[in-house]
Amino acid sequence: MKRFLKPEIIMVLAAAAISFCLLMPAPILGVADNGDFGRIMGSTGLEYLSENRDDRYFGYVNREYAMKDSTLLGGGYISSEIFLVEAAKLINKILVPGTDTFDIRFLAAIYICILLTAMYLMVRFSARILHSLALIPSVLLLFMFTDVGYISYFNSLYGEAVALTSLLLLTGILIYMSSQEVPKTAALSGFFAAALALSTAKIQYIPVGIVLAAYSVRLAFIRKDTRWKAAAISFSVFLLAASLISYFSIPDNIRVCNKYQSLFFGVLKDSPDPEGDLAEFGIRKDFSVLAGTNYFMDEYPIDIRDPAFLEEIDSKVNPFKIALFYMRHPVRLYNKLAIASENGFKLLQGFGNYEKAEGIEFGKTAHSLRTWSRIKEDFLPHHILFTSAFAALYFAVLLSYYNENRNIQEKLLIETFMLMGIIGVIQLVVPIIGDGEADLSKHLFLFNVCFDMMLIAAITWTAHILIRTVEKTVEQLCRTKRFPRI
């Protein structure tokens, strides 16, 4: 019986109960399509059952889809989510033979299993260092990551669900590896699979793939045998190649859209000198009338669908030039990051969260089991100074401990949480560079996940320090005979 009273078991059982109760009963809870589902549906052969636009977009969650023949990459969009959807379709066909309808709850079940595995690994193997304090991260993981703002994405075709589960799984695997004197090759393979799923889930996660490819090289040196080193280096090369392929395979319509957003709804939005900014990119100054516009408006001062216009934007704008612009204008970058911080703690985007049913109005959002998302949105400081100070203190503490430790297992554990911080910082900046201020709070989803992981680490570390301080104080009092030893 004692084996079931361990923090990791209790947490996993509680998380499973919450997830299944929230996501499985019909009418289901999820996140309505804002138009992004088409990228995945085009490659997986899924189609809407309803022709009504209101049934498809923004207001209601669709539980069932028509299943057609898959084209895999025939939809023109590369994403690891495609393979998870295909796995869910296969399970659907096995458990419901003869059907031509896909129930999205099979996909949610896969995400739930990955989430539970990740939570178990994180708590089970951090307990070897934390001992009784393992209860703190288990409670926090349960409280934060079963919030409806996170798991509602499981009943959707958004890449955010892949990002959440793969990042947590990657973290759990690294914590497991840090608990082993000789990490196993299977764990390294698991790290690679999770890293690949994360970095190819969405276009904006491509920079994360490059960081993880670099970290794979670091992992090559935690064991001395040639086979391990060869595997780690091979995974690094594959991750880097997958990230580059994802970037250069971005469909033309998405690429041009992102470039337009990053320039006109990013650089030029609220710019004191739009014409001067365009001149830095070598773009015609008369395009400055588009400053502050986005790619999905009904009317524009000029025709943005003109092939000559699109060609100029496509040839003269790219993420590297946008990044260089902000580096030349650090005040402008600071202002954009301030806007990102203001929008960075919002998990629910206002899309409908419920399946269409009697008593469910169009666009109804979830109100239950979203305590953590409310706290983040209503009570956490959203100022860039708070975000910067928290990150600076977080890295300073980790670096101080890293320099004090020579044990490879402890270094690997510290590096794991450094990695969370680095990914979080990247994902605060990348949306601004890649898409301007468009859908900013949604694009900061992975930043939210990393921030929460960083916060869990910070709270656990603070509790550890407080307990250690109390123990040392009591021990000192006992030595000086000022306090009776028990």
For the chain, the accessible surface attributable to carbon and sulfur atoms (probe 1.4 angstrom, ligands and nucleic acids excluded) amounts in percent to 63 percent
Using θ = phi - 60° and the Karplus relation 6.51 cos²θ - 1.76 cosθ + 1.60, list the HN-Hα couplings for the stretch 55-71 in order, rounded to whole Hz, with x at every Gly or Pro.
6, 8, 10, 6, x, 10, 8, 9, 8, 10, 9, 6, 9, 10, 5, 6, 10
Dividing the convex hull volume of the Cα atoms of the stretch 14-80 by its residue count, what figure in Å³ per residue is obtained?
111 Å³
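How many percent of Cα pairs in the stretch 184-311 exceed 18 Å? If you can, show how the numbers build up before the last one.
Numbers: 5111 of 8128 pairs.
Counting pairs separated by more than 18 Å, the tail of P(r) holds 63 percent.
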Report the local net charge at A118: Lys and Arg +1, Asp and Glu -1, summed over other residues whose C-beta lies under 14 Å from its C-beta.
-1
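How big, in percent, is the set of alpha carbon pairs in the chain lying more than 34 Å apart? It would help to have the intermediate numbers written out before the result.
Details: 46525 of 117855 pairs.
Every Cα pair in the chain considered, those over 34 Å come to 39 percent.
Taking R0 as 30 Å, what FRET efficiency do you get between D314 and L455 from their Cβ-Cβ distance, rounded to the nearest 0.05?
Working: r = 40 Å, r/R0 = 1.34.
Calculated value: 0.15.
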Over its alpha-carbon atoms, the stretch 412-486 yields an Rg and a Dmax in Å of 20.7, 65
So what's the angle, to the nearest 10 degrees on a 0 to 90 scale, between helix 160-178 and the longest Cα principal axis of the chain?
30 degrees
Taking Cα centroids, how far is the stretch 273-293 from the stretch 311-353 in Å?
16 Å
Counting only residues 5 or more places away or on other chains, whose amide H sits under 5 Å from the amide H of V61 once H atoms are built in the peptide plane?
Y354, E355, K356
For E475 paired with T462, estimate the spin-label separation in nm (one decimal), with each label point 7 Å from Cα along the Cα-to-Cβ line.
2.4 nm
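What is the projected area of the convex hull of the Cα atoms of the stretch 110-159, averaged over all directions, in nm²? Mind dumping the intermediate values first?
Working: hull surface 14.4 nm².
It is 3.6 nm².
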Could you sort the peptides 196-207, 303-314 by per-residue average Cβ neighbour count (10 Å cutoff), highest mean leading?
196-207, 303-314
May I ask you to derive the relative contact order of the stretch 195-346, considering only C-alpha pairs under 8 Å and at least 6 residues apart, and to give it as an integer percent?
17 percent
Tilt relative to the chain, helix 319-328 - C-alpha long axis, 0 to 90 degrees, to 10:
70 degrees
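Once the Cα gyration tensor of the stretch 166-255 is found, what semi-axes does its equivalent ellipsoid get, as square roots of 5 times the eigenvalues, in whole Å, sorted largest first?
On the way: eigenvalues 138, 37, 13 Å².
Taking √(5λ) for each Cα gyration eigenvalue gives 26, 14, 8 Å.
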Contact order normalised by length for the chain, with contacts defined as Cα pairs under 8 Å and 6 or more residues apart; what percent is it?
18 percent
E280 and S70 label points (each 7 Å along its Cα→Cβ direction) are spaced in nm at 4.5 nm
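Can you check what the net charge comes to around G421, using other residues whose Cβ is under 14 Å from the Cβ of G421 (Lys, Arg +1; Asp, Glu -1)? Each step should come with its number before you reach the end.
Details: positive: none; negative: E415, D452.
Charge balance in the 14 Å sphere: -2.
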Return the ratio Rg/(2.2 N^0.38 Å) for the stretch 1-123, where Rg is computed over Cα atoms only.
1.21
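Can you compute the equivalent ellipsoid semi-axes for the stretch 196-241, i.e. the square root of 5 times each eigenvalue of the Cα gyration tensor, sorted largest first and rounded to whole Å?
Working: eigenvalues 101, 15, 8 Å².
Value: 22, 9, 7 Å, ordered largest first.
Suppose R0 equals 60 Å; then what is the FRET efficiency for K224 and D273 from their Cβ-Cβ distance, rounded to the nearest 0.05?
Numbers: r = 57 Å, r/R0 = 0.95.
Plugging the Cβ-Cβ distance into 1/(1 + (r/R0)^6) gives 0.55.
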Can you give me the P(r) profile for the stretch 278-404? Cα pairs, bins 10 angstrom wide beginning at 0, each as a whole percent.
9, 22, 25, 25, 16, 3, 0
For the stretch 446-456, in residue order, the Karplus 3J(HN,Hα) values (coefficients 6.51, -1.76, 1.60; θ = phi - 60°; whole Hz; Gly and Pro = x) are 5, 4, 4, 4, 5, 4, 5, 5, 5, 5, 4
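Run through the DSSP bridge list for the chain and note the antiparallel percent, rounded to the nearest 5. Numbers along the way, then the final one.
On the way: 6 of 8 bridges.
Beta bridges within the chain, antiparallel portion: roughly 75 percent.
Might you tell me the accessible area per residue for the stretch 364-486, computed with a 1.4 Å probe and given in Å²?
Numbers: 6430 Å² over 123 residues.
Value for the stretch 364-486: 52 Å² per residue.
What number, in nm² with one decimal, is the all-direction average of the projected area of the convex hull of the alpha-carbon atoms of the stretch 377-419?
Taking the Cα atoms of the stretch 377-419, their convex hull projects to 3.6 nm² on average.
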Would you be so kind as to identify which of T387, I283, A340 lies farthest towards the positive end of the dipole of the chain, taking Lys and Arg as +1 and Asp and Glu as -1 on Cβ and the Cα centre as origin?
T387
Per 10 angstrom bin, beginning at 0 and ending with the bin that holds the maximum distance, the Cα pairs of the stretch 330-486 fall in percents of 9, 28, 26, 19, 10, 5, 2, 0
Under the rule of at least 5 residues apart or a separate chain, name every residue whose amide H is placed under 5 Å from the amide H of F102.
Y65, A66, M67
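Give me the accessible area per residue for the stretch 31-116, probe 1.4 Å, as a whole number in Å². Kindly include the intermediate steps, with their values, before the conclusion.
Working: 3810 Å² over 86 residues.
I get 44 Å² per residue for this part.
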Cα centroid separation, the stretch 220-241 to the stretch 88-139 (Å)
28 Å
With everything on Cα atoms, drop me the angle between helix 105-130 and the longest principal axis of the chain, reported from 0 to 90° to the nearest 10.
30 degrees
Taking the Cα centroid of the stretch 21-74 and of the stretch 354-372, what is the distance between the two, rounded to the nearest whole Å?
17 Å
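The values are calculated or read from the model by the stated rules, or taken from the named source; none is laboratory data. Predicted model, so just to flag it, every value in this text is computed and none were measured. Glycine gets a Cβ as well: all are built from the backbone with ideal geometry, and neighbour counts include every protein chain shown. The accessibility values were calculated without ligands, DNA or RNA, using every heavy atom of the protein model including side chains. Shrake-Rupley method; radii C 1.70, N 1.55, O 1.52, S 1.80 Å.
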